[in-house]
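The values are calculated or read from the model by the stated rules, or taken from the named source; none is laboratory data. Quick caveat: nothing in here was measured; it's all calculated off a predicted structure. All Cβ positions, even for glycine, are placed from backbone atoms using ideal geometry, and neighbour counts span all protein chains on display. Quick note on the areas: whole protein, heavy atoms, side chains included, nothing else; ligands and nucleic acids left out. Shrake-Rupley method; radii C 1.70, N 1.55, O 1.52, S 1.80 Å.
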Amino acid sequence: MGVWYTDLIGRTKSLLDMIPLIVQTDSWSVISVMAQDHYVVPKVEGVTGNHHNLSHHGQDPSKISQLEKISAISMSDCCKMLELKPMRSAKAPAC
């Protein structure tokens, strides 16, 4: 496995970064992004377990805390993607 493959957060951010470009260039019919990897430990400070193991936390506070860190970064990246404004083209009227 390469470094890129093991960087779950980085891969997710890259996929989310492409969505506005896909929409702005009208290069899509449907956009679907699956951002999960069962057996990779995300490169997040304080996270030592893989996502799959952490999602079966059994109410273990340490696992829940790690899962919250992963979720916070993932949701932050999603919010950043949704905040992007569409590009205006010469054909499109101003909003």
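Side notes on the structure shown:
- Pairs where the first residue, in the range 44-72, is at positive phi and the second is open to solvent by 50 Å² or more (accessible area, probe 1.4 Å) and of a type in the set (K, R), C-beta under 9 Å, 6+ apart: G46/K69
- Pair list, Cβ < 9 Å and 6+ apart or interchain, from the range 11-24 residues that are in contact (Cβ under 8 Å) with a residue 24 or more places away in the chain and among the acidic types (D, E) to residues that are open to solvent by less than 70 Å² (accessible area, probe 1.4 Å) and in a helix (DSSP H, G or I): D17/D77; D17/M81
- Condition broken by S27, with the remaining ones in (1) modelled with pLDDT of 85 or more; (2) farther than 18 Å from T12 by Cβ satisfied: (1)
- Those residues of the range 30-49 which are at pLDDT 80 or above and exposed (fewer than 11 other Cβ atoms within 10 Å of the Cβ), in sequence order: E45, G46
- Considering only residues in the range 50-65 that are modelled with pLDDT under 90 and among the small types (G, A, S), the one that is most open to solvent (accessible area, probe 1.4 Å) turns out to be G58.
- Test set (1) modelled with pLDDT of 85 or more; (2) more than 19 Å from the chain's Cα centre (by Cα) - E68 fails condition number: (2)
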